[in-house]
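Worksheet: the structure to be examined is printed underneath.
The values are calculated or read from the model by the stated rules, or taken from the named source; none is laboratory data. Here the structure is a predicted model, which means the values were calculated and not measured. Reconstructed Cβ throughout: ideal geometry from the backbone, glycine too, with neighbour counts over all protein chains shown. Only protein heavy atoms, including side chains, enter the accessible area calculation; ligands, DNA and RNA are left aside. Shrake-Rupley method; radii C 1.70, N 1.55, O 1.52, S 1.80 Å.
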Amino acid sequence: MIVSFHVRPQAAAEFGHRSRGGPVTAFAASLHAHLFGLPADTDPLPAALDALLQHAHSATSPQQQTAILRQVAEQLRNAAEILRDYQYTAQWEHLPLDVAEQLRQARAQAQQIAQTLDQVAPAFSSRPTGAVPGPQPRASAVVPATSSTPPVGHRR
């Protein structure tokens, strides 16, 4: 069997995207490995968020998804450090006080999101294989059936 994917070169310029082999290439590589029983790609995850986004679209295994969440958390910690530096710069250069405060709040939010991702990432690799992600059904309370027709003697 031969599967061929082709992307028009004009698509990148027309839609403002770079065409260096994004999700289509990753999907084709994943399909190839699956069809021929080859090991999954063990390349390290990209550090750039745009490349990580492309990688996330083709991640199929729970281990890949966990690794991506951990990489995003690490990038958020890096972003928090950058925000800290700019917060200090805003203070040193006597920018309006709200600028430094907003940067401090953004840094705190980035750190909180990184911690949350660290906590939830293991859930992706520990779920049973074949589990379908999505909302779990809730246990519904049994409601007694009521009759909407009045008793025979009271009909009009």
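If you sort ASP118, ASP98 by accessible surface, 1.4 Å probe, largest first, the order is ASP98, ASP118. With a cut-off of 11 Å between beta carbons, the residues surrounding ALA108 carry a summed charge of +2, where Lys and Arg count +1 and Asp and Glu -1. Extending 7 Å from the Cα toward the beta-carbon at both ALA48 and VAL120 defines two label points whose distance is 2.7 nm. With a Förster radius of 25 Å applied to the C-beta separation of ARG104 and THR60, the computed FRET efficiency comes to 0.05.
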